[in-house]
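Every read-out reported here was derived from the displayed coordinates using simple, explicitly stated rules and does not represent laboratory data. Quantities reported herein were computed from a predicted structural model and do not represent experimental measurements. Note that each Cβ is placed from the backbone with ideal geometry, even for glycine, and that neighbours are counted across all protein chains shown.
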Amino acid sequence: MGEIEMTAEELAARQTELANAVAAENDADVLLINSPIDRGLAFPDHLSFSNPRKHCLVILVTLGGDPDAGYRMARCLQRTYSEGKVSVLIPSMCKSAGTLIAIGANELVMGDNGELGPLDVQVRKRDELLERMSGLDVDEALASLQEKSFKTFEEALVNLNVNSAGGISLKTAMEVATQLTVGLFTPIYQQIDPMRVGEIAREIKIADKYGERLNSHAKNLKEGALARLIAEYPSHGFVIDKKEAEELFIHIRVPNPKELQLLAFLRGLVRRPLDQSFIQFISTDRVTLEQQNESNRGNSATGTEATSGIAPNEASSIPTLHIARAAGD
């Protein structure tokens with residue numbers, strides 16, 4: 001089967017056509033975010049448009065990031081679409097702070113390839129400039145140490161008491177087992193910084209409080225789900241697929257045919273997190289305030305009346321996929 005080369009303009013027009021079809025079916029603005037979650041996104045600016053639809057569909061791909069930024073983004077969406085609903089479509093990875101944004105949505109849309117992650121925080125490693133670690137690592141380390149120290153004490157106690165055939169009293173066996181356990185684990189526990197433990201505990205509590213506030217508006221988490229997302233999973237990258245997400249969220253559905261068609265076209269933008277940030281409304285039947293102001297300035301200069309709508313060449317300015325598609329795709 002031969003391939004059909006599409007120009008950038010043709011790709012942009014097709015992308016806009018598919019996004020507008022999804023927008024019309026859901027009465028929702030379609031916002032695509034594939035980006036680390038951080039304050040540098042200036043997210044409120046992306047929601048400053050003059051005639052939003054009643055609802056918003058956010059296609060979200062991210063490995064996570066700053067929980068403060070995630071909270072701000074979710075709050076902005078809730079405020080802008082307070083008369084309707086916010087749906088978050090998860091086509092692939094949506095981790096950490098991305099999960100926090102999902103908690104702020106009224107509805108989740110997930111297919112077989114979608115995956116959430118635990119609501120853990122990423123904290124900077126000591127003496128490492130760029131590397132981060134999961135806040136769950138400290139809890140896991142402390143729990144593991146507690147388990148191993150108790151097991152060491154128990155095994156020593158039982159061995160001393162049983163193997164001595166009654167020659168060593170239970171009291172003496174306990175004292176020896178205690179000294180052995182303390183001697184083995186004291187050097188390890190001395191390496192733990194209580195201030196660091198408290199710092200990470202505070203960060204986890206922040207994620208908990210953000211989750212509570214977002215869910216109080218969205219009301220889409222099942223009872224106990226927030227605690228599960230924060231503490232139940234063993235690693236930052238743990239996969240929470242659609243089946244497990246259904247145990248956590250109340251309103252969750254699979255993508256409809258038009259959404260699937262759009263995702264298939266956007267494949268390069270939604271299959272995995274990108275190195276660079278991409279955040280854009282890809283449906284165009286609304287006008288941003290910036291575009292409206294530019295239109296008003298232009299019309300004032302020419303003496304014409306301002307009109308709403310998208311400029312004819314706007315589609316060509318939308319970032320698109322530069323790919324060759326096989327005929328019939």
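Worth pointing out:
- Table column - 3J(HN,Hα) (Hz), the range 186-192, Karplus curve with 6.51, -1.76, 1.60, x for Gly and Pro: 4, x, 6, 5, 5, 7, 7
- Amide H contacts under 5 Å for residue 89, placed H, 5+ residues apart: 58, 59, 60, 109
- Ordered by the number of other Cβ atoms lying within 10 Å of each residue's own Cβ, fewest first, 83, 246 fall into the sequence 83, 246.
- Exposure proxy order (Cβ contacts within 10 Å, fewest to most) of 94, 76: 76, 94
- Per-pair calculated FRET efficiency, R0 = 41 Å: residue 17 and residue 212 via Cβ, rounded to 0.05: 0.50
- Close amide H partners of residue 278, meaning residues 5 or more places away or on another chain with modelled amide H under 5 Å apart, are 34, 35.
- Note on residue 170 and residue 232: with the Förster distance fixed at 51 Å, the Cβ-Cβ geometry gives a FRET efficiency of about 0.85.
- Annotation: amide H of residue 119 within the under-5 Å range of 230, sequence separation 5 or more or interchain, hydrogens built in the peptide plane.
- Computed lengthening from residue 251 to residue 83, 0.36 nm per intervening residue step minus Cα-Cα distance: 58.7 nm
- Per-residue Cβ neighbour rank within 10 angstrom, fewest leading, 206, 230, 188: 188, 206, 230
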